[in-house]
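The values are calculated or read from the model by the stated rules, or taken from the named source; none is laboratory data. Since we're looking at a predicted model, the values are computed, not measured. Note that we place each Cβ from the backbone using ideal geometry, even for glycine, and neighbour counts take in every protein chain shown.
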Amino acid sequence: MRRRAKDRAIKYAVLALVFVALAFGSGFYLGLTWLNGGGNLAGDDSPGDDESFDGRMNILLLGLDAGTIGADEKHNHYRSDTMMVVSIDPAEKAVSVLSIPRDTRVMIPGVGYQKINAAMAYGGPELAVQTVKELLNVPIHHYVAINYEGFRKLVDAIGGVEINIEKRMKYVDKAGGLYIDLEPGLQVLDGEKAEQFVRFRKYPEGDLGRIKAQQQFLEAAAKSFFKPSNLLRLPQIVKAVQETVKTDMDTSDMLKLANLARQMGQDNLKMYVLPGEGRYINGISYFIPYQSEIQQVVKEVFFGGNANVKVAVLNGSGYAGLARKVAEKLEEMGFTVVKVANADSFDYDTTTIIYPSGMKEYAEKMAKVFESPRMQEDSSNEDLTTIIVGKDAQKS
């Protein structure tokens, strides 16, 4: 019973410190740093080293708006006021985060062209996930969603957030039930005022300015949260998460995430914003993504640049289908496999990786697919890495 209670504590603490924070900015890295260096939330029974991800995991973070004013909770239709995709690379122990502006104009399956924040209202997190999948052409494995009521509860649970507001923030949207009135200066924001800060929209650069402000808020929230006194508030934080966070992640994935969090360094997070520009179409303001640049951003975020590396996989083992199996593993890692064929013979006992000069870093990533491959640099080929699969790969 004691172990089970601690496992639950890990699950909800990770959600609170990592995903909820990230739904409003760059708190994932800060949460991981705290977990890594600030103590073990679970005591001695934290997840063991055998608890690990099998491959890259992409998670959609949804910060929901207030929904339809006056509607009962059962029939309320929330839009996603904040949307981010977190890509976790367990092999490199690295995290990349892509922010998607709420006004991004996309094709929502079964609906038509709309702002991407409407996907949540039309079909819940499942349709939001499907829409993002089709926009980026990458798999989305899980989602985490929280509304502003939950956000307010979490900020209050950590005792508020101290932040320096640079200018007067005043904005009223009666239809959306949004009333913002914040004075400039250093102050502690409770849940209600924190919501005003992260929802303020009157920036010269539009939603991009809002995303920047949200990241500023999370940096300040981290400093407030990581005060030693907040360890005593952990039960309130866990309770707030239990009551307000919706996710399809199971306990097993939460434990694996907690284990990964303990292993991460301080320079393993990169933040990105979907490239594009604001534009009016038929009198409606949209964020239009740059299609020509999305592919490059996707490569960096979800494949860490691996997609720019071309690989030829040759079967030198004599085992039918082994080269194709290796090629599939490399493609899952983001590498571009341009050729799968037989080698000059089937007498290779040890897998050999022949890589161009300057590509050793990527060759070492490929080497993780095998037990002890032979590495060979080849200065005569500038853009193609060749893997000759040996009999030892049968064990990998």
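Test each condition in (1) surrounded by 17 or more Cβ atoms within 10 Å (Cβ to Cβ); (2) modelled with pLDDT under 90; (3) more than 18 Å from ARG279 (Cβ to Cβ) for ASN137 and report the one that comes out false.
In the conditions (1) surrounded by 17 or more Cβ atoms within 10 Å (Cβ to Cβ); (2) modelled with pLDDT under 90; (3) more than 18 Å from ARG279 (Cβ to Cβ), ASN137 misses (1) alone.
Condition check: among the hydrophobic types (A, V, I, L, M, F, W, C) and either out of contact with any strand residue (DSSP E or B) (no Cβ under 8 Å at 6 or more places or on another chain) or modelled with pLDDT under 90 (or both). Does VAL111 satisfy that? Steps first, answer last, please.
Details: among the hydrophobic types (A, V, I, L, M, F, W, C): yes; either out of contact with any strand residue (DSSP E or B) (no Cβ under 8 Å at 6 or more places or on another chain) or modelled with pLDDT under 90 (or both): yes.
Judged against the criteria, VAL111 is a match.
Among the residues of segment 171-188, are any in the same structural domain as ARG79 (by TED's automatic domain parsing), among the small types (Gly, Ala, Ser) and either surrounded by 18 or more Cβ atoms within 10 Å (Cβ to Cβ) or more than 30 Å from VAL129 (Cβ to Cβ) (or both)? Spell out how you get there, then give the answer.
Step one: of segment 171-188, the residues in the same structural domain as ARG79 (by TED's automatic domain parsing) are 171-188.
From what's left, among the small types (Gly, Ala, Ser): 175-177, 185.
Still in the list and also either surrounded by 18 or more Cβ atoms within 10 Å (Cβ to Cβ) or more than 30 Å from VAL129 (Cβ to Cβ) (or both): 185.
Yes - at least one qualifying residue is present in segment 171-188.
Pairs needed: first member in segment 368-396, free of Cβ contacts under 8 Å to residues at least 24 places away in the same chain; second member anywhere, surrounded by 13 or more Cβ atoms within 10 Å (Cβ to Cβ) and assigned to a helix (DSSP H, G or I); C-beta distance under 6 Å; at least 6 residues apart or different chains.
So the pair list comes out as PRO373/ALA367.
Exactly one of these conditions fails for MET375: (1) more than 31 Å from the chain's Cα centre (by Cα); (2) surrounded by 18 or more Cβ atoms within 10 Å (Cβ to Cβ). Give me its number.
(2)
When ASP156 is evaluated against the numbered criteria (1) farther than 25 Å from ASN58 by Cα; (2) touching a strand residue (DSSP E or B) at 6+ places or on another chain (Cβ under 9 Å); (3) surrounded by 14 or more Cβ atoms within 10 Å (Cβ to Cβ), which criterion, by number, is the only one it fails?
Failing condition for ASP156: (2).
Please find, among ALA320, ALA327, the residue that is in a helix (DSSP H, G or I) and over 30 Å from THR104 (Cβ atoms).
Working: ALA320 fails: in a helix (DSSP H, G or I).
Exactly one of ALA320, ALA327 is in a helix (DSSP H, G or I) and over 30 Å from THR104 (Cβ atoms), namely ALA327.
Between VAL188, VAL144, VAL138, VAL161, which is of a type in the set (Val, Ile, Thr) and farther than 22 Å from LEU62 by Cα? Even if it seems obvious, please write down each step before you answer.
Numbers: VAL144 fails: farther than 22 Å from LEU62 by Cα; VAL138 fails: farther than 22 Å from LEU62 by Cα; VAL161 fails: farther than 22 Å from LEU62 by Cα.
Result of the check over VAL188, VAL144, VAL138, VAL161: VAL188.
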